[in-house]
1. Being more than 15 Å from Thr103 (Cα to Cα) and in contact (Cβ under 8 Å) with a residue 12 or more places away in the chain: is that true of Trp134 here?
2. Looking for whichever is surrounded by fewer than 16 Cβ atoms within 10 Å (Cβ to Cβ) and under 25 Å from Glu331 (Cβ atoms) here; the options are Arg472, Arg449. Which one fits?
3. May I ask you to verify whether Lys324 is touching a His at 6+ places or on another chain (Cβ under 6 Å), modelled with pLDDT under 95 and either under 19 Å from Leu366 (Cα atoms) or open to solvent by 10 Å² or more (accessible area, probe 1.4 Å) (or both)?
4. Look at segment 303-318 and say how many of its residues are more than 15 Å from Asn427 (Cα to Cα) and either of a type in the set (D, E, K, R) or touching a residue at least 24 places away in the same chain (Cβ under 8 Å) (or both).
5. Being surrounded by 13 or more Cβ atoms within 10 Å (Cβ to Cβ), farther than 12 Å from Val437 by Cα, more than 49 Å from the chain's Cα centre (by Cα) and among the aliphatic types (A, V, I, L, M) is the filter here; which residues of segment 482-502 pass it?
6. I'm trying to understand the selection: among the residues of segment 40-60, which are open to solvent by 10 Å² or more (accessible area, probe 1.4 Å) and assigned to a helix (DSSP H, G or I)?
7. Within segment 382-391, does at least one residue satisfy the condition of being under 23 Å from Asp498 (Cβ atoms) and either assigned to a helix (DSSP H, G or I) or over 40 Å from the mean Cα position of the chain (by Cα) (or both)?
8. Considering every residue within segment 180-196, establish whether at least one is in contact (Cβ under 8 Å) with a residue 40 or more places away in the chain, in a helix (DSSP H, G or I) and open to solvent by 60 Å² or more (accessible area, probe 1.4 Å).
Amino acid sequence: MQAVMKPAHDNKKRRARQEDPHARSRRQANYIRLLEFVVAAIILSAGIYWQLYPELYMLMVALLLGYPLVAQSIAYTLERKGRRQQEAHRILVQVDAVLIGLTIAALHFSLIPSLALLIIVHANAVSSGGIRPWLLNILLTGTGCLVGWFIFDGQVMAPEDAPVLMNLLSMVGLGIYVGGSSLYVLNQTRNVRLAQAYLARQQKQAVDLSRKLAKYLPPQIWGQLFSGKRDAKLETRRKRLTVFFSDIKGFSNISEDLPLDQLTRLLNSYLNEMTRIALRYGGTIDKFIGDAVMVFFGDPVSKGSKEDAFNCVAMAVDMQRQMKLLRQRWEREGITQKLEIRIGINSGYVTVGNFGADSRMDYTILGTDVNLASRLESQARPGRILISEATWELVKDRVICRNMGEVEVKGFNRPIPVYEVQELKENAADRDKFVSVRTEGFALHLDIRRIRNFDRDRILRTLASTARDLRRDATLARDMEAEGFSLHVDRTRLRDKDLAKVIDIMGKAAQRIRKEVVI
């Protein structure tokens, strides 16, 4: 029997925990209303018992006891008609005021019982809505008293005529109501705290989840989705974009030779650097396909066709420079193959948006001009950037390019005019801001514009101590990396004939950093 009863008891507790908090609050409010009118009914019933009022007033007692049940039905009806719970409660509080006014008139305005009932009804009004509902409550209580004046023949009981026991009963009833309402407020406060704690946990979970999901979406799309500017639905549009494709020449060959963990580190370091550069220039990263990277400019945010195309080309130039630093890093890890990337860029009208199914969609681009960018990437020489004529028309005023004539590409019936990017015109005047030197046992990569001021002193100290140790002909092996800077020195491999040249290069690099990087 106990085994049967226990699950039933557990189910009851579980249902209580899972109960709608609005329903629980509504039920508690009805208990307080019931207590309010029970107190009023007891006071009036006591007066009838002591023959202060006619027995006919028992009809008023029945009204006071029956009203809370009717009020509960009214609350449900108002909510079904679309009224909010709080609004329904305020309406019923005003009805309470009218009935309490009638009760005060039925008590012949006996001083202590009337004050007790006024305190009860007005405390309820203030706690339910504030000053405005309270002022309305006063008006409606007065209205109830006025109506009761005519119903109960306008009789008024002098204070000295009220029995002491009736006054005492009124005060006890007031005390019981205050205790019950205080318990109700305590429960409400506890429910609010529980709700706030639950909401805080939900918000933390939502933030954590959004951060995780952000890793699978382009930052631009993630930001628009969570700000409400974009909806996750199947929709596309035609738009002029600049499309970028790149891959590592010979990556498939080295992937067969390298251990899996080393290959994974190499690929992740490469993709991490390329992603960082793409985001810095405002590119939308479409996808990674092994070592291949696909990026486009112009959606969801566009700065204009010319600026989008230029940012794409500038990004490609920066990526080629970063590859020199990555190669230095990989060589120190024992990867001797000279890995270089090929880049293809094209501009044109494509279809962009969400493709797929309602349950699984992909934000990407489709079109002939997308295919052309991919074909140009495969036609590009290792370490070079090949752009179409459409892109060249957009960037020719700001980028130095070499006309490569026309190339035959798969899927296109006509030859495609192409250009090879040489340098950005804004960089041509200060080539000395970018230095990349490599020889046996020594490599230096320096991009003055990207060195952070808080790295300046650390880099200068490293250059100075390295030059000093090399002059002493000390056995030296030193590696350092920072944003825009990389240094590798291995004295055991550095040739003696290159020693003076290496020290001179480091001295000139230090001078440039002192002059250009200001703290």
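1. Yes; evaluated as a whole, the condition is true for this residue.
2. Only one candidate qualifies: Arg449.
3. Values: touching a His at 6+ places or on another chain (Cβ under 6 Å): yes; modelled with pLDDT under 95: yes; either under 19 Å from Leu366 (Cα atoms) or open to solvent by 10 Å² or more (accessible area, probe 1.4 Å) (or both): yes.
Spelling it out, Lys324 is indeed touching a His at 6+ places or on another chain (Cβ under 6 Å), modelled with pLDDT under 95 and either under 19 Å from Leu366 (Cα atoms) or open to solvent by 10 Å² or more (accessible area, probe 1.4 Å) (or both).
4. Qualifying residue count, segment 303-318: 7.
5. Leu494, Leu499
6. If the condition is that a residue be open to solvent by 10 Å² or more (accessible area, probe 1.4 Å) and assigned to a helix (DSSP H, G or I), then Ile42, Ser45, Ala46, Ile48, Tyr49, Glu55, Leu56, Tyr57, Met58, Leu59, Met60 are the ones that fit.
7. No - not one qualifying residue is present in segment 382-391.
8. Applying the first criterion (in contact (Cβ under 8 Å) with a residue 40 or more places away in the chain) to segment 180-196 yields 180-181, 184-185, 187-188, 191, 195.
Filter again for in a helix (DSSP H, G or I), leaving 180-181, 184-185, 187-188, 191, 195.
Filter once more, keeping what is open to solvent by 60 Å² or more (accessible area, probe 1.4 Å): 185.
Checked segment 180-196: at least one residue is in contact (Cβ under 8 Å) with a residue 40 or more places away in the chain, in a helix (DSSP H, G or I) and open to solvent by 60 Å² or more (accessible area, probe 1.4 Å).
The values are calculated or read from the model by the stated rules, or taken from the named source; none is laboratory data. Note that the structure is a prediction, hence the values are computed from the model and not measured. Please note: Cβ atoms are built from the backbone with ideal geometry, for glycine as well, and neighbour counts cover all protein chains shown. Ligands, DNA and RNA are excluded from the accessible area calculation, which covers all protein heavy atoms including side chains. Shrake-Rupley method; radii C 1.70, N 1.55, O 1.52, S 1.80 Å.
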